[in-house]
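Since the structure comes first, as structure tokens, the remarks are kept for the end.
The values are calculated or read from the model by the stated rules, or taken from the named source; none is laboratory data. The structure presented is a predicted model; accordingly, all values stated were derived computationally and were not measured. Positions of Cβ are backbone-derived with ideal geometry, glycine not excepted, and every protein chain shown enters the neighbour counts.
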Ligand SMILES: Cc1cc2nc3c(=O)[nH]c(=O)nc-3n(C[C@H](O)[C@H](O)[C@H](O)COP(=O)(O)OP(=O)(O)OC[C@H]3O[C@@H](n4cnc5c(N)ncnc54)[C@H](O)[C@@H]3O)c2cc1C
């Protein structure tokens, strides 16, 4: 998105992605109303909504067997009064396809940043590993958008602040049956939570467990592993 906005402003920009594609399973699906508003302001919304997606105007959960509404988006002061469900890779492919229409935008796949270059204390560029060998790219601005294990952040010596998280989520797929009920966001039962995302012919499921308890709990682990491959 930063690359898109910079290229739209006429700034030459190179986005480096270490993988050959954006396919990451068990990633975000929800495109929130605020993001859709941004797409609208960028003039991309109409095209965006032509991509396969589901629109959820209300979120419901089933708490101890009872369906309860937990969020109603219809009153939001935004263009789209819903969450769009779309796999993250479709969203990124859409965004990069449109960014490539700007003459100053380049997306280089299979280009992994392995280090930064410095002029004394100032970061001047990145060293990149590619299938055709290593290269160095100089730039006035380096944006480290390389995820939670960011090499850019580490090499720049930026300190990471850990806010702590109380939960882990086990992600798995469960095949969908024709008579499955309509999507609910989640099922709460006896202190346990299962999140369900409708992916067409299967459910992407997230089972919430206490942080760090995965390795301690053999039964949870074998259940998760067996479901993962169903
Ligand atoms: C299971 C799960 C579910 C989520 N659900 C949602 C959701 O429903 N809605 C939502 O809004 N958010 C969701 N999120 C959060 C969302 O996925 C993240 O906030 C978002 O992906 C972070 O974006 P990012 O660009 O900072 O990092 P990432 O998405 O991690 O992107 C980093 C990119 O950099 C690449 N990269 C890494 N290292 C290098 C390197 N050295 N050189 C070049 N490229 C590199 C990676 O391959 C990757 O493509 C979810 C996250 C998870 C894990």
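Across segment 107-135, what is the total count of residues that are in contact with a strand residue (DSSP E or B) (Cβ under 8 Å, 6 or more places away or on another chain) and within 14 Å of the ligand (Cβ to nearest atom)?
Residues in segment 107-135 being in contact with a strand residue (DSSP E or B) (Cβ under 8 Å, 6 or more places away or on another chain) and within 14 Å of the ligand (Cβ to nearest atom): 18 in total.
All but one of (1) over 21 Å from residue 14 (Cα atoms); (2) away from the ligand (no atom under 16 Å from the Cβ) hold for residue 169; state the number of the condition that does not hold.
Going through the list (1) over 21 Å from residue 14 (Cα atoms); (2) away from the ligand (no atom under 16 Å from the Cβ), residue 169 breaks only (2).
Take the residues in segment 1-45 that are more than 17 Å from the chain's Cα centre (by Cα) and in a helix (DSSP H, G or I); name whichever of them is surrounded by the most Cβ atoms within 10 Å (Cβ to Cβ).
The extreme case among them is 7.
For residues that are touching a strand residue (DSSP E or B) at 6+ places or on another chain (Cβ under 8 Å) and under 14 Å from residue 8 (Cα atoms), scanning just segment 86-106, find the one that is nearest to the ligand (Cβ to nearest atom).
Among those that are touching a strand residue (DSSP E or B) at 6+ places or on another chain (Cβ under 8 Å) and under 14 Å from residue 8 (Cα atoms), it is 96.
Can you confirm whether segment 72-83 contains a residue that is surrounded by fewer than 16 Cβ atoms within 10 Å (Cβ to Cβ), part of a strand (DSSP E or B) and more than 13 Å from the ligand (Cβ to nearest atom)?
yes
Please specify each residue of segment 105-120 satisfying the condition of being outside any loop (DSSP other than H, G, I, E, B) and without any contact (Cβ under 8 Å) to a residue 40 or more places away in the chain.
Matches in segment 105-120: 114, 117, 118, 119.
Residue by residue through segment 142-159, note down the ones that are near the ligand (Cβ under 7 Å from one of its atoms) and in contact with a strand residue (DSSP E or B) (Cβ under 8 Å, 6 or more places away or on another chain).
146, 151 - these are the residues of segment 142-159 that are near the ligand (Cβ under 7 Å from one of its atoms) and in contact with a strand residue (DSSP E or B) (Cβ under 8 Å, 6 or more places away or on another chain).
Every residue in segment 46-62 that is touching a residue at least 24 places away in the same chain (Cβ under 8 Å) and outside any strand (DSSP E or B), please.
Across segment 46-62, the qualifying residues are 47, 48, 49, 51, 52, 53, 57.
Counting only residues that are assigned to a strand (DSSP E or B) and surrounded by fewer than 12 Cβ atoms within 10 Å (Cβ to Cβ), which one in segment 121-137 is modelled with the lowest pLDDT?
Per the stated criteria, the residue is 122.
With the structure loaded, tell me whether residue 170 is under 15 Å from residue 70 (Cβ atoms) and touching a strand residue (DSSP E or B) at 6+ places or on another chain (Cβ under 7 Å) or whether it fails that test.
No: the conditions fail for residue 170.
Only one of (1) farther than 23 Å from residue 199 by Cβ; (2) more than 9 Å from the ligand (Cβ to nearest atom) is not met by residue 39, so which one is it?
Unmet condition: (1).
Starting from segment 135-150, keep only residues that are more than 14 Å from residue 3 (Cα to Cα) and assigned by TED's automatic domain parsing to the domain that holds residue 123, then list their pairs with residues that are part of a loop (DSSP other than H, G, I, E, B) and within 13 Å of the ligand (Cβ to nearest atom) whose Cβ atoms are within a distance under 8 Å, requiring at least 6 positions of separation or different chains.
Sorted first by the residue in segment 135-150, then by its partner, the pairs are 150/144.
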